[in-house]
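Some notes on the structure that comes next.
Derivation of every value follows stated rules applied to the coordinates shown; laboratory data play no part. None of the values given here were measured: they were computed from a predicted structure. No Cβ is skipped: glycine too gets one built from the backbone with ideal geometry, and neighbour counts run over all protein chains shown.
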Amino acid sequence: MKHQFFIIVIMVILVGTMNMDAKEGTSKKAKTANSECGIEPKSEEFVKVDSAPTVDLQQLQKNVVYPETARKSGIEGTVMVRALISKSGKVIKTIISSSDSKLFNKSAQKAVKISKFTPAIDKGQAVCCWVTLPIKFKLK
């Protein structure tokens, strides 16, 4: 039986960020309380920051496990994972914004959740914000 190998390509795209400074004047309806962020931004809000969160892409790639069912079935695809990154760089929550196959969702989310990020910086302060991570599953 011929073995199939996989390559997981991970790119980090900053799609939305949220400055957590309550003085910026964002709506209270758009926020909820969270111990890691103080005020948690809604995932669809966008606010410019001086420096976006970063992650070690090689380590994130090592954290991703290609689901056996998908591998055996020859299924490839991309999962867009939105992640809320805390002021300390911890992933607070993830949301699947799109997926080519539900088989990849748990693996993509798990890899993102266990990764350590460098937090976003705005005006010299670490801030909470959302990032979008496209996790690509490709057999080779």
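One table, with the values for the structure above:
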item: Net charge of Cβ neighbours under 13 Å - reference Asp56; Lys, Arg +1; Asp, Glu -1; result: +2
item: Local net charge near Ile85, Cβ-Cβ under 13 Å (Lys/Arg +1, Asp/Glu -1); result: +3
item: Packing rank of 120-126, 83-89, where each peptide gets the mean count of other beta carbons within 10 Å, highest leading; result: 83-89, 120-126
item: Intensity falloff of segment 32-140 expressed as log10 I(q)/I(0), Debye formula with alpha-carbon point scatterers, at q = 0.22 Å⁻¹; result: -1.14
item: Spacing of the two label points (7 Å from each Cα toward its C-beta) at Ser97 and Asp56, in nm; result: 2.6 nm
item: Charge sum, other residues only, whose C-beta stays under 10 Å from Lys136's C-beta, Lys/Arg counted +1 and Asp/Glu -1; result: -1
